[in-house]
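The values are calculated or read from the model by the stated rules, or taken from the named source; none is laboratory data. Please read these numbers as outputs of a predicted model, since none were measured by experiment. Methodologically, a virtual Cβ is constructed for each residue, glycine included, from the backbone with ideal geometry; neighbour enumeration extends over all protein chains shown. Keep in mind that these areas ignore ligands, DNA and RNA; they rest on the heavy atoms of the full protein, side chains included. Shrake-Rupley method; radii C 1.70, N 1.55, O 1.52, S 1.80 Å.
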Amino acid sequence: MSRRTKAANGRLAVFNLVSVSLISFGFMQGAAAGPIGTQALLESEIGAARTARLDVLLEREDIARQLAAFGVDPTEIRQRVAAMSDAEIAALERRIDARLVGGDALGVIGAVFLVLLILELVGVTDVFSKI
């Protein structure tokens, strides 16, 4: 090959490289940043608070004892909670709240009934004679 052919081939290679670079430059997209909505921020904060609440519940000694009685490893439970979606965590939290509230309500009702029964037996009130 002659010098002239080598130079032409070199220029052609540079021309092709520049052409491809300029054409592909138009396909580049920049990162789109936008404002974060208040609702999205609140949902992420609520999700973090729910996860933290579940972590606190799992750290309680009585719950750890009950999990051990069921043969469940507490670290495995923490890993599963970390992998849950926000909807699953919310559903679990509702179930826990229903159990806690139901247990407390029964305790309060039982205590009120016991107090009324004692007051009736002592003669302070006359509640059960009307029933």
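Among residues of the range 38-56 that are among the hydrophobic types (A, V, I, L, M, F, W, C), those with a Cβ under 6 angstrom from a residue that is open to solvent by less than 90 Å² (accessible area, probe 1.4 Å), sequence gap 6+ or separate chain, pair up as LEU54/VAL81.
For the range 26-131, list the helices (runs of 4 or more DSSP H) that sit wholly inside it and hold at least 2 residues that are surrounded by 11 or more Cβ atoms within 10 Å (Cβ to Cβ) and at pLDDT below 75; which are they?
Hits in the range 26-131: 86-122.
Cβ-Cβ contacts under 7 Å between residues 6 or more apart (or on different chains), taken from a first residue in the range 71-89 that is more than 15 Å from THR51 (Cβ to Cβ) to a second residue that is open to solvent by less than 70 Å² (accessible area, probe 1.4 Å), are listed as PRO74/LEU58; PRO74/ALA64; PRO74/LEU67.
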